[in-house]
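In what follows, a structure is listed as C-alpha cells, so that the remarks can point back to it.
The values are calculated or read from the model by the stated rules, or taken from the named source; none is laboratory data. It should be emphasised that the depicted structure is a prediction, and the values quoted were computed from it without experimental measurement. Reconstructed Cβ throughout: ideal geometry from the backbone, glycine too, with neighbour counts over all protein chains shown. Each accessible area value is taken on the protein alone, full model and side chains, heavy atoms only, with ligands, DNA and RNA left out. Shrake-Rupley method; radii C 1.70, N 1.55, O 1.52, S 1.80 Å.
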Amino acid sequence: MSAKEVSRSPSRGSRGSPKRPKSIEKKSGGTKRKGRQSAKKREDSAAASTVGHPDYIAPLVLTSKTQEIFQCRANEDVTQEKPFKLLKKDDVLGDLRARAAVSDFHPLKSVIAEYPGEELLLVFDGEFKYGQNFYLVSTEEAKDLILHPPEAATDEEEKDEDVEEYVPQPLVVRPWVSLGSEVEIEDETLKPARAQIKFVISRVHREFGSQVTFSDSNASEVRDGYMECVSYPDTQLRIAYRERDSGVQAVPVLQDKSTQTKWTYPRNSCTQYEPRTFSEEETESRLSSKAVKEFINSVSVRLEMALQQNEIMNAFWDDWRALCEDESAFGGKSDCHLKEFQSFTEHHFCKNKSVSCVNWHPTVPGLVAVSVTERLSFEDRVNLSSKLVLKPSLILLWSFADPIHPQLMLQSPEDVSCFQFSPSDPNIIVGGCINGQVVVWDISAYEEKLAAKTNAGSSSSPQNPLEPTVSGEPPLVRFCALSSIEHGHRGAVTDIHWLPDHFEVTRTGSPYENRSGFCVQLVTCSTECSVMFWDIRSQKPPGQKIEKNQPEKPQGVPDTFRHLDLVWRPLIKATIPRIAIGGESSPLRISLREEDFHSRTADKLQIPAKEPKIERGVDYGKLRASSAKHAKIRDDINTNYFAGTEDGEVIYTDWKMERDGDTGKLISMKPSQTCVMHDGVVHTVQRSPFLKDIVLTVGGWSFAIWREGVTGGPILQSRCSRRRYTAAHWSPARAGLFFIGREDGNVDIWDLLEKTHEASQTQNVSGAAITSITPWIASAKQHFVALGDDCGTLHILEMPWTLRQPSANEVSTVQNYFDREVKHLEYSERRKKDGTLGKREPHMMPEIPPPVKSAEQSEEEFVREYESYATFEQTVLSALNTEPEPGRV
C-alpha cells in the first residue's frame, strides 16, 4: 500500500467510534469479509465527512513554536503523503505543566491525561478536513486501525463469490377475457328517461338600445340610502330526495389518437472548442505586412481622439440617470411620500374624542387650531347629557414649539363641529356648535404670547417656529358671544364661511359694497335644512344705548361682541326646497364662489415678504350696517353656491330671496341644478384655489368634480372605493392635486396629471378614520398637511418636493383637461337628445351601393362636366388676358 493510501486510511474508519473495538477483534476473518468491511468503511467515511468528525478524532491547532518543539513542522516533518507523528505522552504532559494555558494541548488536557497508551498519534490535516491543521487520535484501537489498515480482498476471491444477476424478462400481453362486468356497469349507468326541454328567449329588434326606465324609491325611508335584497328561505319549496344505485367505471376509456407533426431533416453542425491561433512566424509576417501598417496609420488619429475623450469625460456615466437629481433623502425630487413631522394629542380633555375641524392660524406660523367632539350618536348623547355637562367643550391651539401642551384652550358651551378664523382679524374666531348656536371668541389679549411662543414677534432672534420653548399651563379662554337659541339653527352647525371684505348682503340677499373694509358677515348651514347669513355688527341705531339690565360679562372676557351675546339673530334664513318630492334638503357643506381663501396660495408660493400689519382695536359694537339707499349694488358678485346634503345630493342654487306671489313673504329660490351623485353623506364641497369654477365633492364611496355652469352632471366621477371616504381637500400649491381621507386611516393622493382612474399613491397615517384634512404653506420650500383622526390625534405631515412643486404650465394643462371633459359631456348629452346614444354612428352604418347608371346617362354626365370645366377655364384666361391655345374650346 502506498503512502498516499495510508494518508487516506483514517477516512475508512471514521464512522466506527464507539463500535470500533469490536470490528478490530473480528479483522482476522476471511478475505471476503475483509473486503466487505473495507467497502463499508468507505461508506462510513463518506458519511462522517458530511456529518462531522468521529468521536476518537480531536482537532487542534499547533503553532509554529509547538511544531518546532515536537518536530512536526507542517510540510517539512509531516506532509500529505506522511501525515503521522507519534508523540510521547510524558513529553506532552511536560509541555502542559511548563506552559500551562499557553500550551496548544491545553484544550485537550483531559483527553491526554486519560489516554491509556504511552504514545499519542498526531495526524497532519493539510486539507483542514476536520477544521484544524492537526488532530489527535484519542483511542488505541483507532490508532492501530489508522497505522495498520485492513487489506482489501483480491480480485480472484471476489470472482469466487456467487452473485445472482437479475435478468429482465419481457412483458407478455395477455388477451382480455370478459367476465360480464361491463354488462353490470351498462345496466347501472344513468340514462335520460325523456327528451331535454329547449327554451328560446327572443326580443323585438326595435327594443334593442331603448332607454331603461327605473322606478323611484324614497331614500329617506331606507337606511344609508340604499336597499338590500336579502335572501330568505321559501317555505313553499319542497324538494324530494330519492335514493338510487349507480355504478362508476374506475378505469378511464382508452382511445388511440394520432397527429401530424412537422418533420425536420437532420443537419450537420460543428463546435469549435479550441482556439485557432497563428504560429510565431505567421504572427510576425502579419504584423510586418503593409496592410496592417496602412490600417494603423488610418485609425491612429481616431484612436488618439477616443483616448483623449476617455480621459476628459467618464465614458461609463449614465446619461439617463443624470437627467434628474438623485436625492434619496426626504424632500428630494425622488421622494414622493408624506413624512410625519409632528403629532399632537391631549389625554386629559380630548380622550375618546374625535377631531371635527382643523384650521391653521392665518398670521402666526406653526400655530394650528383643533376642535374635538364626543364620539356619540344622538341617542347616546341624550342619555349621557348629565355626564357630558361636566366635560368641557374646547378648541385647542397647538404650536410646533411645544408639542406636549396646547397654547390656548377656547371654551365653548357645546362641542364645536366647525370654526373659522376671520380673514380681516385673525384674533376673531367664529364656530358652530352641535346645538345650533354660533359662538365667537376674541384672543387679542394673547396675541403677543402666541407670537412670542413661535418667535414671530421677536426682532433680535430669527423667526424659527420649530425652536422649543418652555411652556406653562395653557390658559382657558371663554367665548365672547353666543347666538340666540330661539332664532338660530335647530340642528348641528355643519359648515361655516366668512364673506369677503369687499361686499355684504342685505336681508333680501342682494350684494352691496362693503365700505367698512372688514369681514363682518358669515354664512352657516345646518342639518335642519337651512342656510343662514349672520352679521357681527350691531343692528341697533347709533344713538340707542345698551340696556342696563343686560348681564355683566365674567371677569377676563372682552366686551368686543357684547352687543351680540344671546340676542344675535341671523340676517337671512334661506332654505333649499326640493322640486321633485317636496320638502327641503338638509345641506351639510356649502361652497361660495366669492369665498375668501385665507390660504393666499399665490402669495405664499412667491418669495416670502413682510405681511402688512392688520389694524387692531376695531370696535365692532360701533360698526353699523350701511343703508341700502346709499350703498352701491355689486352686480359682478355671483350669488349662486354649491351645497352637499346628507342624502348624497349635490345642489346648485341661489341665496337671493324672492317675493311669494300669494303671501308676499320672502322665500328661497328653487335650485337650478340637483344631482344625486354620492351614495352617502357629502363630507366635502370645496372649490379649487386655482380654478374658481371647479368644485370637488366627496361623499360615500366616491368623489366627483363639477364645473360651474355645466348642468349635465360632473365632468369627472370616480369609481366606488373599497373604503368609505371621510374628508378631502385641494392642494394649495398644485392645481391638479388633492387629498382624500378614508375610514381605514389611509390618505389617497390624486394627481390628475399622472392618473385619472385611480389614486397616484395611498399612504397610511392612522389606525382610525381620517376626519379632517387641511394643508398649509409655511414657505416656498416647506409645505404641511394637518390630518385629524377619529381618536383625537392631530398628525402634521410634511409634503415632499413632488407634491409641492407644480409642473410647467400646470394650471393651463388642468384647465385644458377639464375643457375636454366638458366637451365629452356635452357630446354625450347631445347624443341622448338625438336618440343616437347606444346606436351606431352614421359612418358606422353599412354603405349602400350607388344605383347603376346606363351608358347614355354616363355620357351625358361627362359632357356636362366637360362643358362646365371649359367655361371655368375661359373665365380664368380672360381674367389673366391670355388667349386659349388653338384647338381648345
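Miscellaneous remarks
- Rolling a 1.4 angstrom probe over the protein heavy atoms with all chains in place gives segment 673-712 an accessible area of 28 Å² per residue.
- Close amide-amide hydrogen proximity is noted between Ile576 and Ser585, each under 5 Å apart and 5 or more residues distant or on a separate chain (H modeled in the peptide plane; Pro and chain starts excluded).
- Phi angles of segment 296-309 translate, via the Karplus equation with coefficients 6.51, -1.76, 1.60 and θ = phi - 60°, into HN-Hα couplings of 5, 5, 6, 9, 5, 5, 5, 5, 5, 5, 5, 5, 5, 5 Hz per residue; Gly and Pro are given as x.
- The accessible-area ordering, largest first, of the residues Met799, Met669, Met313 stands as Met313, Met669, Met799, per a 1.4 angstrom probe.
- Entries of Lys391/Lys656; Lys351/Lys573; Lys85/Lys109; Lys198/Lys257; Lys65/Lys89 with Cα pairs more than 29 Å apart: Lys391/Lys656; Lys351/Lys573; Lys198/Lys257
- Put simply, the amide H of Thr494, placed in the peptide plane, has neighbours under 5 Å in Cys525, Ser526, Thr527, leaving out anything fewer than 5 places away on its chain.
- Qualifying GluC sites (Glu not before Pro) in segment 267-328, DSSP loop, other Cβ atoms within 10 Å at most 11: Glu325
- Segment 375-393 and segment 729-806: distance between their alpha carbon centers, rounded to Å: 32 Å
- Backbone phi angles across segment 782-790, fed through the Karplus curve with coefficients 6.51, -1.76 and 1.60 (θ = phi - 60°), yield HN-Hα couplings of 8, 10, 10, 9, 9, 10, x, 10, 7 Hz in residue order; Gly and Pro are listed as x.
- Shape class of segment 395-449 from the alpha-carbon gyration tensor: oblate, with a/c at 1.5 or above and b/c at least as large as a/b.
- In the context of the full set of protein chains, segment 784-836 has a per residue accessible area of 49 Å² (1.4 Å probe).
- In Hz, Karplus ³J(HN,Hα) per residue of segment 793-810 (6.51, -1.76, 1.60; θ = phi - 60°; x = Gly, Pro): 9, 9, 9, 9, 10, 9, 7, x, 5, 5, 9, 10, 9, x, 7, 5, 6, 5
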